[in-house]
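Where a number appears in this text, it was derived from the coordinates with a stated rule and is not lab data. Worth saying up front: this structure is predicted, and the values here are computed from it rather than measured. Cβ: placed from backbone, ideal geometry, glycine included. Neighbour counts: every protein chain shown.
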Amino acid sequence: MNIHADLIACHECDLLHQIVALDSGSQANCIRCGAKLYKEIRNSLDRTLSLTVTGLILFLLANFYPLLTFEMQGRSQQNNLISGVLEFFSSGFWGLGILVFLVSIIFPLIYLLGMAYVLVPLRMGHKPWKMISVFKVVDYLRPWAMIEVYMLGIIVAIVKLSDFATITPGIALFSFAGLFVVIAAANASLDPRIVWRSVDIDGEY
């Protein structure tokens with residue numbers, strides 16, 4: 001989706017449309033192919049920024065507190081978010097370990113920090129340096145922050161191991177689940193036009 005001044009190009013057929021004001025919750029569609037152009041979201045900047053800050057807090061909790069506690073035959077072992085990655089490395093699965101590390105830790109962190117880098121200055125009436133470049137990276141990484149896949153793997157592991165050991169969820173597990181919900185809500189709340197409108201046509205800040 002490309003926006004220039006008060007025009008917007010359909011990302012499916014490239015037809016240019018005039019941007020018009022919509023009622024909150026309303027959506028504009030391409031008159032030629034019917035693809036979604038944009039949606040009017042009330043208080044998009046404040047809502048997305050609040051969710052981003054919440055996501056950063058949940059990310060810290062998810063990484064610094066125990067994820068699960070296994071108890072079997074009198075032995076107890078706590079695991080955190082990085083434990084699975086280290087286990088892949090110690091077993092020789094370096095490629096899989098790096099992939100899990102990136103999509104469950106690095107990419108979500110870059111996404112949240114990038115969103116905060118762009119939205120906090122905009123909320124204060126300023127334009128951060130290289131704003132568009134950072135925003136493009138954030139937009140590119142959005143589908144790669146696969147927290148939901150990691151959560152599914154944790155749930156499958158709990159179901160499979162529950163017959164052999166007592167598994168106690170930790171603070172990190174609930175924080176990680178909350179992080180998945182918060183990132184999804186932030187994506188739904190963000191109106192990209194807020195960022196594009198603040199860019200001067202003559203150059204990038």
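Could you rank the peptides 35-41, 150-156, 12-18 by their average count of other C-beta atoms within 10 Å per residue, with the highest value first?
The most tightly packed comes first, giving 35-41, 150-156, 12-18.
Quick one: length gained pulling E40 to L96 fully straight, 0.36 nm per residue minus the C-alpha distance?
Full extension of this stretch gives 16.1 nm more.
Could you work out the Kirkwood radius for region 21-128, taking every pair of different alpha carbons, averaging 1/r and inverting it, reported in Å?
17.7
Taking a 31 Å limit on the Cα-Cα distance, which of the listed pairs K36/K136; K36/K160; K39/K160 fall beyond it?
Beyond 31 Å between Cα atoms: K36/K160; K39/K160.
For region 103-205, run through the trypsin sites (Lys or Arg not before Pro) and keep only the ones in DSSP coil with at most 16 other Cβ atoms within 10 Å of their Cβ.
K130
Write down, largest first, the equivalent ellipsoid semi-axes of the chain in whole Å, where each equals the square root of 5 times an eigenvalue of the alpha-carbon gyration tensor.
Here the semi-axes work out to 40, 17, 16 Å.
Using only the alpha-carbon atoms of region 23-78 as identical scatterers, what base-10 log of I(q)/I(0) does the Debye formula give at q = 0.12, 0.18, 0.21, 0.27 Å⁻¹?
Results for region 23-78 at q = 0.12, 0.18, 0.21, 0.27 Å⁻¹ read -0.59, -0.78, -0.87, -1.00.
Just want to confirm a number: the relative contact order over the chain, from Cα pairs under 8 angstrom separated by 6+ residues, in percent.
About 27 percent, as a whole number.
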